[in-house]
Amino acid sequence: MPHEPSRGNSAADVRDFFTPRAADWDSRFPGDGPAYTAAVADLGPRPGGAVLDAGCGTGRALPALRAAVGPEGTVLGVDLTPAMLDAAVREGRDGFAGLALADVARLPLRDGCLDAVFAAGLISHLSDPGENLRELARVVRPGGRLALFHPVGRAALAARHGRARTPDDLRAEPRLRPLLAGAGWRLESYADEDTRFLALAVRETDQAGGTADRS
């Protein structure tokens, strides 16, 4: 989900923003594929692993995630917007992953069942970023990894929307690092370039705050 909704970040707002854009989403951003593939490579899912594409949209990361974990691995894609999942199916990307309509605020997954999470553009759509990142940590094993990705950097994205880059952006490193730490993640690397944004984090052994098993 590469762009920001024009209103709030409730589930209804996110669906209202993406539903009318889903049908031509990929054609609007045709050159992003290699950036997704490179980001998945940096995340480093291993053969046989279990990975989640959180806020998968039309599923552009799913082929690369499947290639990384291989036929014995597990790839899941969840999104809030039915129209985006429908677009993923039309593109044939349901052949690379199991798709589900779900909110990252409450994932239908067991504690520690995943090795990695890939999230393209997700953080700017979260209703409660700290709690939602904690929910992602809940479903990832200790030592598992998280990629927060965007196919262009913060400055380029701000310019695209006709505004300046601001330090209160959640993706700014001084804000993102403590946000992740409070949710059970350790920021491992951070890149904010014209051609991509990629923050890689590792799930800490002891998750801040703890969560109950929702299996």
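For residue 129, are the conditions met, namely being touching a residue at least 40 places away in the same chain (Cβ under 8 Å) and out of contact with any Leu (no Cβ under 7 Å at 6 or more places or on another chain)?
no
Do we have any residue at all in the stretch 175-190 that's at pLDDT below 95 and closer than 28 Å to residue 46 by Cα?
Among the residues of the stretch 175-190, not one is at pLDDT below 95 and closer than 28 Å to residue 46 by Cα, which makes the answer no.
Residues being farther than 22 Å from residue 17 by Cβ, touching a residue at least 40 places away in the same chain (Cβ under 8 Å) and buried (at least 16 other Cβ atoms within 10 Å of the Cβ): count how many of those fall in the stretch 73-116. Talk me through it step by step, then tell me what you get.
Kept after step one, since they are farther than 22 Å from residue 17 by Cβ, are these residues of the stretch 73-116: 73-76, 92, 94-98, 108-116.
Next cut, touching a residue at least 40 places away in the same chain (Cβ under 8 Å) only: 97, 108-111, 113-116.
Now drop any that are not buried (at least 16 other Cβ atoms within 10 Å of the Cβ), which leaves 97, 109, 111, 113-116.
Adding up the residues that qualify gives 7.
Are any residues in the stretch 119-138 surrounded by 23 or more Cβ atoms within 10 Å (Cβ to Cβ) and over 14 Å from the mean Cα position of the chain (by Cα), and if so, which ones?
Residue satisfying the conditions is 138 alone.
Go through (1) open to solvent by less than 50 Å² (accessible area, probe 1.4 Å); (2) touching a Cys at 6+ places or on another chain (Cβ under 9 Å) for residue 141 and report which single condition fails.
Status for residue 141: all satisfied but (1).
Can you confirm whether the stretch 178-189 contains a residue that is open to solvent by less than 40 Å² (accessible area, probe 1.4 Å), among the small types (Gly, Ala, Ser) and under 20 Å from residue 53 (Cα atoms)?
For the stretch 178-189, residues open to solvent by less than 40 Å² (accessible area, probe 1.4 Å), among the small types (Gly, Ala, Ser) and under 20 Å from residue 53 (Cα atoms): present.
Starting from residues that are crowded, with 18+ Cβ neighbours inside 10 Å and modelled with pLDDT of 95 or more, keep the ones in the stretch 9-49 and report whichever is farthest from the chain's Cα centre (by Cα).
My answer is 49.
Step by step: first the residues of the stretch 164-176, then only those that are without any contact (Cβ under 8 Å) to a residue 12 or more places away in the chain and in a helix (DSSP H, G or I), then the one that is farthest from the chain's Cα centre (by Cα). Which residue is that?
174
The values are calculated or read from the model by the stated rules, or taken from the named source; none is laboratory data. What you see is a predicted model; the values in this text were computed from it and never measured. Quick reminder, even Gly has a Cβ in these numbers, built from the backbone with ideal geometry, and neighbours come from all protein chains shown. Ligands, DNA and RNA are excluded from the accessible area calculation, which covers all protein heavy atoms including side chains. Shrake-Rupley method; radii C 1.70, N 1.55, O 1.52, S 1.80 Å.
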